[in-house]
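> Below is a structure I'd like to ask you about.
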Amino acid sequence: MAANLKKDLEEIMEREENKYCADCGFVDPDWCNIRVGVLICKTCAGIHRGLATNRVKSLKLDSWTADEVDLAIGNRLNEQLEKFLPMYYSKPIPSSQTALKESFIICKYDGKLFEDDNKLKQSSIGTGEKSGFLHKKGKSKEAWKPRFFVVKNSNLEYFIKIDDTNPKVQVPIKDIGINLEEINLNMFAMAITYFQESSSSRNYYAYSDNNLLTIEWYYTILCAQNKIANSMECINLDGSMLCSGVYLQKSGYLYKPGPAAKDVWRKRWFFYNKGYLSYYKEKLDAHPKGEIKLGKRAEGFEVCAGESDHHKQAPYEHTFQLKTPPRTYKLCAETRDDMVSWVKLLNQTIQDV
Ligand SMILES: [Zn+2]
(Lines give C-alpha, C1' and ligand atoms only; values in the text may rest on other atoms or scores of the structure.)
Protein backbone atom coordinates (compact mmCIF):
# COMPACT_ATOMS: atom_id res chain seq x y z
CA MET A 1 0.00 0.00 0.00
CA ALA A 2 1.33 3.40 -0.98
CA ALA A 3 2.86 5.45 1.86
CA ASN A 4 0.55 8.40 1.20
CA LEU A 5 -2.57 6.19 1.59
CA LYS A 6 -1.23 4.83 4.84
CA LYS A 7 -0.73 8.38 6.03
CA ASP A 8 -4.29 9.28 4.97
CA LEU A 9 -5.68 6.38 7.02
CA GLU A 10 -3.64 7.46 10.05
CA GLU A 11 -4.98 10.96 9.64
CA ILE A 12 -8.57 9.60 9.54
CA MET A 13 -8.02 7.62 12.76
CA GLU A 14 -6.63 10.74 14.46
CA ARG A 15 -9.72 12.84 13.82
CA GLU A 16 -11.67 13.78 16.92
CA GLU A 17 -14.98 12.26 15.73
CA ASN A 18 -13.24 8.92 15.03
CA LYS A 19 -11.88 8.38 18.53
CA TYR A 20 -14.76 6.05 19.44
CA CYS A 21 -16.48 3.13 17.70
CA ALA A 22 -19.60 4.37 15.89
CA ASP A 23 -21.64 1.52 17.36
CA CYS A 24 -20.44 0.74 20.89
CA GLY A 25 -18.11 3.60 21.80
CA PHE A 26 -14.96 1.48 22.22
CA VAL A 27 -11.89 3.74 22.10
CA ASP A 28 -9.58 4.08 19.08
CA PRO A 29 -11.52 1.99 16.54
CA ASP A 30 -9.31 0.76 13.70
CA TRP A 31 -11.82 -0.93 11.40
CA CYS A 32 -14.08 0.65 8.83
CA ASN A 33 -17.37 -0.30 7.23
CA ILE A 34 -16.48 0.89 3.74
CA ARG A 35 -20.04 0.79 2.46
CA VAL A 36 -21.08 3.47 4.92
CA GLY A 37 -17.66 4.87 5.85
CA VAL A 38 -17.91 4.78 9.66
CA LEU A 39 -15.08 3.66 11.96
CA ILE A 40 -15.81 0.74 14.25
CA CYS A 41 -14.01 -1.51 16.71
CA LYS A 42 -12.84 -5.05 15.96
CA THR A 43 -15.82 -6.65 17.77
CA CYS A 44 -18.40 -4.58 15.91
CA ALA A 45 -16.49 -5.16 12.64
CA GLY A 46 -16.98 -8.89 13.21
CA ILE A 47 -20.75 -8.31 13.42
CA HIS A 48 -20.74 -6.01 10.35
CA ARG A 49 -18.86 -8.66 8.38
CA GLY A 50 -21.74 -11.09 8.99
CA LEU A 51 -24.21 -8.74 7.30
CA ALA A 52 -24.43 -9.40 3.59
CA THR A 53 -24.52 -5.77 2.49
CA ASN A 54 -21.52 -4.55 4.46
CA ARG A 55 -17.79 -4.73 3.79
CA VAL A 56 -15.25 -4.12 6.51
CA LYS A 57 -11.52 -3.41 6.37
CA SER A 58 -8.87 -2.97 9.01
CA LEU A 59 -7.20 0.43 8.81
CA LYS A 60 -4.02 -1.08 10.23
CA LEU A 61 -3.80 -4.56 8.72
CA ASP A 62 -5.46 -4.45 5.30
CA SER A 63 -4.24 -3.00 2.04
CA TRP A 64 -6.34 -0.09 0.76
CA THR A 65 -6.82 1.46 -2.69
CA ALA A 66 -7.17 5.23 -3.11
CA ASP A 67 -10.88 4.77 -3.96
CA GLU A 68 -11.47 2.85 -0.75
CA VAL A 69 -9.71 5.48 1.33
CA ASP A 70 -12.11 8.03 -0.15
CA LEU A 71 -15.01 5.94 1.19
CA ALA A 72 -13.74 6.08 4.79
CA ILE A 73 -15.54 9.29 5.62
CA GLY A 74 -15.60 8.62 9.37
CA ASN A 75 -18.05 9.03 12.19
CA ARG A 76 -19.32 12.52 11.51
CA LEU A 77 -21.99 10.55 9.63
CA ASN A 78 -23.10 8.82 12.81
CA GLU A 79 -25.39 11.61 13.92
CA GLN A 80 -27.45 11.08 10.79
CA LEU A 81 -27.47 7.27 11.15
CA GLU A 82 -28.82 7.58 14.70
CA LYS A 83 -30.96 10.67 14.26
CA PHE A 84 -34.17 8.92 15.40
CA LEU A 85 -32.67 6.51 17.93
CA PRO A 86 -35.47 6.20 20.51
CA MET A 87 -34.54 7.00 24.08
CA TYR A 88 -35.83 3.62 25.28
CA TYR A 89 -33.39 1.91 22.89
CA SER A 90 -30.18 2.11 24.87
CA LYS A 91 -27.18 2.12 22.57
CA PRO A 92 -24.65 -0.65 23.29
CA ILE A 93 -21.47 0.09 25.20
CA PRO A 94 -18.24 -1.98 24.90
CA SER A 95 -19.29 -4.42 27.65
CA SER A 96 -22.81 -5.02 26.26
CA GLN A 97 -23.88 -8.54 25.33
CA THR A 98 -23.05 -9.51 21.74
CA ALA A 99 -26.71 -10.10 20.90
CA LEU A 100 -27.52 -6.52 21.83
CA LYS A 101 -24.69 -5.14 19.70
CA GLU A 102 -25.83 -7.38 16.86
CA SER A 103 -29.45 -6.26 17.08
CA PHE A 104 -28.40 -2.63 17.23
CA ILE A 105 -26.12 -2.96 14.20
CA ILE A 106 -28.77 -4.78 12.15
CA CYS A 107 -31.43 -2.20 13.04
CA LYS A 108 -29.05 0.67 12.34
CA TYR A 109 -27.42 -0.44 9.07
CA ASP A 110 -29.65 -3.05 7.45
CA GLY A 111 -32.98 -1.81 8.77
CA LYS A 112 -31.97 1.89 8.67
CA LEU A 113 -34.48 2.24 11.51
CA PHE A 114 -32.76 5.10 13.25
CA GLU A 115 -32.19 7.37 10.25
CA ASP A 116 -35.73 7.19 8.95
CA ASP A 117 -38.48 8.05 11.38
CA ASN A 118 -41.15 6.30 9.29
CA LYS A 119 -39.33 2.97 9.23
CA LEU A 120 -39.11 2.91 12.99
CA LYS A 121 -42.76 3.86 13.35
CA GLN A 122 -43.77 0.94 11.13
CA SER A 123 -41.66 -1.70 12.88
CA SER A 124 -42.95 -3.38 16.03
CA ILE A 125 -40.11 -1.69 17.94
CA GLY A 126 -41.69 1.62 16.99
CA THR A 127 -45.37 0.67 17.30
CA GLY A 128 -45.27 -1.08 20.67
CA GLU A 129 -47.53 -3.82 19.29
CA LYS A 130 -46.62 -7.40 18.46
CA SER A 131 -47.93 -10.95 18.51
CA GLY A 132 -46.39 -14.37 18.03
CA PHE A 133 -45.23 -17.58 19.64
CA LEU A 134 -42.54 -17.62 22.29
CA HIS A 135 -41.21 -20.40 24.51
CA LYS A 136 -42.40 -19.68 28.03
CA LYS A 137 -41.05 -21.22 31.18
CA GLY A 138 -43.67 -22.73 33.48
CA LYS A 139 -43.54 -22.75 37.26
CA SER A 140 -41.92 -26.17 37.38
CA LYS A 141 -38.21 -26.58 36.90
CA GLU A 142 -37.59 -27.53 33.29
CA ALA A 143 -40.78 -27.01 31.33
CA TRP A 144 -40.65 -24.53 28.43
CA LYS A 145 -43.86 -24.45 26.41
CA PRO A 146 -44.94 -22.57 23.29
CA ARG A 147 -47.39 -19.80 24.14
CA PHE A 148 -48.99 -17.17 21.96
CA PHE A 149 -48.02 -13.69 23.18
CA VAL A 150 -49.67 -10.39 22.37
CA VAL A 151 -48.63 -6.83 23.20
CA LYS A 152 -51.59 -4.62 22.46
CA ASN A 153 -53.83 -2.00 24.05
CA SER A 154 -51.39 -1.39 26.90
CA ASN A 155 -51.43 -5.07 27.96
CA LEU A 156 -49.08 -8.00 27.69
CA GLU A 157 -50.99 -11.25 27.49
CA TYR A 158 -50.40 -14.82 26.51
CA PHE A 159 -52.69 -17.61 25.39
CA ILE A 160 -52.24 -21.37 25.85
CA LYS A 161 -53.50 -21.88 22.28
CA ILE A 162 -53.63 -19.35 19.49
CA ASP A 163 -57.42 -19.64 19.08
CA ASP A 164 -58.29 -19.42 22.79
CA THR A 165 -60.81 -16.69 23.52
CA ASN A 166 -59.33 -15.58 26.80
CA PRO A 167 -55.69 -15.09 27.67
CA LYS A 168 -54.19 -17.26 30.40
CA VAL A 169 -52.54 -14.18 31.88
CA GLN A 170 -53.06 -10.53 31.07
CA VAL A 171 -50.97 -7.87 32.77
CA PRO A 172 -50.99 -4.12 32.13
CA ILE A 173 -47.72 -3.17 30.45
CA LYS A 174 -47.18 -0.40 32.99
CA ASP A 175 -47.10 -2.96 35.83
CA ILE A 176 -44.40 -5.25 34.46
CA GLY A 177 -40.69 -5.16 34.90
CA ILE A 178 -38.70 -6.53 32.00
CA ASN A 179 -35.10 -7.45 31.50
CA LEU A 180 -33.01 -9.50 29.08
CA GLU A 181 -31.17 -12.47 30.59
CA GLU A 182 -28.73 -14.92 29.10
CA ILE A 183 -30.30 -18.35 29.74
CA ASN A 184 -27.79 -20.38 27.75
CA LEU A 185 -24.60 -19.46 25.99
CA ASN A 186 -25.57 -16.66 23.57
CA MET A 187 -29.27 -17.38 24.04
CA PHE A 188 -31.40 -14.63 25.54
CA ALA A 189 -34.80 -14.58 27.18
CA MET A 190 -37.00 -11.80 28.45
CA ALA A 191 -37.43 -11.93 32.21
CA ILE A 192 -40.87 -10.56 32.97
CA THR A 193 -41.92 -9.69 36.52
CA TYR A 194 -45.25 -8.50 37.75
CA PHE A 195 -46.86 -8.11 41.14
CA GLN A 196 -49.81 -10.26 42.08
CA GLU A 197 -52.45 -8.72 44.28
CA SER A 198 -52.48 -11.19 47.14
CA SER A 199 -48.96 -12.61 47.04
CA SER A 200 -45.37 -11.93 46.11
CA SER A 201 -44.25 -11.07 42.60
CA ARG A 202 -44.30 -13.57 39.78
CA ASN A 203 -41.38 -13.91 37.42
CA TYR A 204 -41.44 -15.72 34.10
CA TYR A 205 -39.16 -16.09 31.13
CA ALA A 206 -39.97 -16.14 27.44
CA TYR A 207 -37.76 -16.40 24.39
CA SER A 208 -37.73 -17.00 20.66
CA ASP A 209 -35.30 -19.43 18.99
CA ASN A 210 -34.13 -16.39 17.07
CA ASN A 211 -32.25 -14.11 19.48
CA LEU A 212 -32.97 -11.04 17.40
CA LEU A 213 -36.68 -11.70 17.60
CA THR A 214 -36.41 -11.94 21.39
CA ILE A 215 -34.66 -8.58 21.38
CA GLU A 216 -37.32 -7.16 19.07
CA TRP A 217 -40.01 -8.30 21.57
CA TYR A 218 -38.05 -6.72 24.38
CA TYR A 219 -37.83 -3.34 22.67
CA THR A 220 -41.45 -3.53 21.55
CA ILE A 221 -42.51 -3.85 25.19
CA LEU A 222 -40.19 -1.03 26.22
CA CYS A 223 -41.70 1.09 23.48
CA ALA A 224 -45.20 0.27 24.73
CA GLN A 225 -44.16 1.22 28.28
CA ASN A 226 -42.64 4.37 26.92
CA LYS A 227 -45.82 5.30 25.12
CA ILE A 228 -47.69 4.91 28.37
CA ALA A 229 -45.20 6.80 30.47
CA ASN A 230 -44.93 9.38 27.72
CA SER A 231 -42.14 11.19 29.39
CA MET A 232 -39.11 9.29 30.44
CA GLU A 233 -35.51 9.48 31.34
CA CYS A 234 -33.00 7.00 30.07
CA ILE A 235 -30.34 6.20 32.61
CA ASN A 236 -27.54 3.95 31.51
CA LEU A 237 -25.74 2.63 34.56
CA ASP A 238 -23.66 -0.08 32.94
CA GLY A 239 -23.66 -2.50 30.07
CA SER A 240 -26.21 -4.96 31.37
CA MET A 241 -29.32 -3.40 29.93
CA LEU A 242 -30.43 -1.47 32.93
CA CYS A 243 -32.19 1.10 30.93
CA SER A 244 -35.83 0.42 30.40
CA GLY A 245 -36.40 4.01 29.51
CA VAL A 246 -39.20 4.17 32.03
CA TYR A 247 -37.95 2.39 35.12
CA LEU A 248 -34.61 1.51 36.58
CA GLN A 249 -33.99 -2.23 36.54
CA LYS A 250 -31.13 -4.56 37.24
CA SER A 251 -30.63 -8.23 37.83
CA GLY A 252 -27.73 -10.52 38.57
CA TYR A 253 -26.13 -12.83 41.10
CA LEU A 254 -25.18 -11.53 44.53
CA TYR A 255 -24.21 -13.33 47.72
CA LYS A 256 -26.24 -12.87 50.88
CA PRO A 257 -25.93 -14.46 54.34
CA GLY A 258 -28.92 -15.17 56.56
CA PRO A 259 -29.62 -12.78 59.46
CA ALA A 260 -27.60 -14.67 62.12
CA ALA A 261 -23.89 -14.00 62.48
CA LYS A 262 -22.96 -17.63 61.80
CA ASP A 263 -25.12 -17.91 58.65
CA VAL A 264 -23.21 -18.80 55.51
CA TRP A 265 -23.24 -16.65 52.37
CA ARG A 266 -25.49 -18.04 49.66
CA LYS A 267 -25.58 -17.17 45.99
CA ARG A 268 -28.96 -15.71 45.04
CA TRP A 269 -30.44 -14.22 41.90
CA PHE A 270 -31.39 -10.60 42.57
CA PHE A 271 -33.84 -8.58 40.54
CA TYR A 272 -34.54 -4.93 41.16
CA ASN A 273 -37.72 -3.53 39.73
CA LYS A 274 -39.99 -0.63 40.67
CA GLY A 275 -38.92 -0.14 44.25
CA TYR A 276 -38.65 -3.86 45.08
CA LEU A 277 -35.45 -5.82 45.40
CA SER A 278 -36.40 -9.50 45.08
CA TYR A 279 -34.09 -12.45 45.45
CA TYR A 280 -34.55 -15.91 44.06
CA LYS A 281 -32.93 -19.20 44.96
CA GLU A 282 -32.32 -19.92 41.27
CA LYS A 283 -32.27 -17.57 38.32
CA LEU A 284 -35.33 -18.99 36.55
CA ASP A 285 -37.53 -19.44 39.62
CA ALA A 286 -41.13 -18.28 39.36
CA HIS A 287 -41.41 -16.86 42.88
CA PRO A 288 -38.84 -14.98 44.96
CA LYS A 289 -37.48 -16.28 48.24
CA GLY A 290 -37.67 -12.79 49.62
CA GLU A 291 -38.61 -9.26 48.66
CA ILE A 292 -37.33 -6.00 50.10
CA LYS A 293 -39.51 -2.97 49.58
CA LEU A 294 -37.28 0.06 49.40
CA GLY A 295 -38.21 3.37 50.93
CA LYS A 296 -36.71 6.81 51.29
CA ARG A 297 -33.48 7.75 52.97
CA ALA A 298 -35.47 9.79 55.51
CA GLU A 299 -37.32 6.60 56.50
CA GLY A 300 -34.08 4.87 57.45
CA PHE A 301 -32.98 3.28 54.18
CA GLU A 302 -29.32 3.46 53.28
CA VAL A 303 -26.85 1.77 50.94
CA CYS A 304 -23.13 1.79 51.50
CA ALA A 305 -20.16 0.04 49.97
CA GLY A 306 -17.53 -1.83 51.98
CA GLU A 307 -18.16 -1.52 55.71
CA SER A 308 -19.51 -5.04 56.28
CA ASP A 309 -18.23 -6.67 59.47
CA HIS A 310 -18.80 -9.99 57.71
CA HIS A 311 -16.21 -8.92 55.22
CA LYS A 312 -13.75 -11.71 55.92
CA GLN A 313 -16.32 -14.47 55.56
CA ALA A 314 -17.75 -13.09 52.32
CA PRO A 315 -16.83 -15.02 49.15
CA TYR A 316 -15.51 -11.83 47.49
CA GLU A 317 -14.25 -8.54 48.86
CA HIS A 318 -16.87 -6.49 46.99
CA THR A 319 -19.36 -6.20 49.83
CA PHE A 320 -22.04 -3.63 50.45
CA GLN A 321 -24.90 -3.13 52.86
CA LEU A 322 -28.51 -2.28 52.40
CA LYS A 323 -29.94 -0.85 55.60
CA THR A 324 -33.71 -1.01 56.01
CA PRO A 325 -35.58 -0.15 59.22
CA PRO A 326 -36.20 -3.79 60.22
CA ARG A 327 -32.92 -5.29 59.05
CA THR A 328 -29.53 -4.64 57.50
CA TYR A 329 -28.81 -6.85 54.49
CA LYS A 330 -25.19 -7.71 53.84
CA LEU A 331 -24.54 -8.32 50.17
CA CYS A 332 -21.54 -9.21 48.07
CA ALA A 333 -20.90 -8.96 44.33
CA GLU A 334 -18.39 -10.99 42.31
CA THR A 335 -16.71 -7.93 40.81
CA ARG A 336 -16.07 -4.40 41.96
CA ASP A 337 -17.82 -2.93 38.92
CA ASP A 338 -20.94 -4.92 39.68
CA MET A 339 -20.90 -3.84 43.31
CA VAL A 340 -20.52 -0.17 42.31
CA SER A 341 -23.35 -0.55 39.83
CA TRP A 342 -25.73 -2.05 42.45
CA VAL A 343 -24.83 0.61 45.02
CA LYS A 344 -25.41 3.34 42.47
CA LEU A 345 -28.77 1.92 41.42
CA LEU A 346 -30.03 1.35 44.97
CA ASN A 347 -28.90 4.80 46.06
CA GLN A 348 -30.75 6.33 43.20
CA THR A 349 -33.86 4.39 44.16
CA ILE A 350 -33.71 5.36 47.79
CA GLN A 351 -33.57 8.98 46.73
CA ASP A 352 -36.26 8.61 44.10
CA VAL A 353 -38.81 6.26 45.59
ZN1 LIG B 1 -17.74 -1.34 18.69
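> Here are some conditions: (1) hydroxyl-bearing (Ser, Thr, Tyr); (2) under 22 Å from residue 213 (Cβ atoms); (3) more than 12 Å from the ligand (Cβ to nearest atom). Residue 58 meets all but one. Which one does it not meet?
All conditions are met except number (2).
> Of all residues being at pLDDT 95 or above and outside any loop (DSSP other than H, G, I, E, B) in region 15-29, which is farthest from residue 44 (Cα to Cα)? Just the residue, please.
Here the residue is 18.
> Of all residues in region 31-55, how many are more than 11 Å from the ligand (Cβ to nearest atom) and either farther than 17 Å from residue 81 by Cβ or among the aromatic types (Phe, Trp, Tyr) (or both)?
So the answer is 3.
> Please work out which residue is nearest to the ligand (Cβ to nearest atom), limiting yourself to region 92-113 and to residues that are of a type outside the set (S, T, N, Q) and under 20 Å from residue 224 (Cβ atoms).
Once the filter is applied, the top-ranked residue is 104.
Table: residues versus (1) loosely packed, with under 14 Cβ neighbours inside 10 Å; (2) closer than 13 Å to residue 345 by Cα; (3) at pLDDT 90 or above.
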{"residue": "233", "(1), (2), (3)": "yes, no, no"}
{"residue": "251", "(1), (2), (3)": "no, yes, no"}
{"residue": "261", "(1), (2), (3)": "yes, no, no"}
{"residue": "324", "(1), (2), (3)": "no, no, yes"}
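> Something else about it: Take residue 279 and decide whether it is of a type in the set (Ser, Thr, Tyr) and either buried (at least 21 other Cβ atoms within 10 Å of the Cβ) or touching a Lys or Arg at 6+ places or on another chain (Cβ under 7 Å) (or both).
Judged against the criteria, residue 279 is a match.
> Which numbered condition in (1) more than 17 Å from residue 191 (Cα to Cα); (2) buried (at least 21 other Cβ atoms within 10 Å of the Cβ); (3) not charged (D, E, K, R) is the only one that residue 294 fails?
Residue 294 satisfies every listed condition except (2).
The values are calculated or read from the model by the stated rules, or taken from the named source; none is laboratory data. If you're wondering where the values come from, they're calculated on a predicted model, not measured in any experiment. Cβ sites come from the backbone with ideal geometry, for glycine too, and all protein chains shown count toward neighbours.
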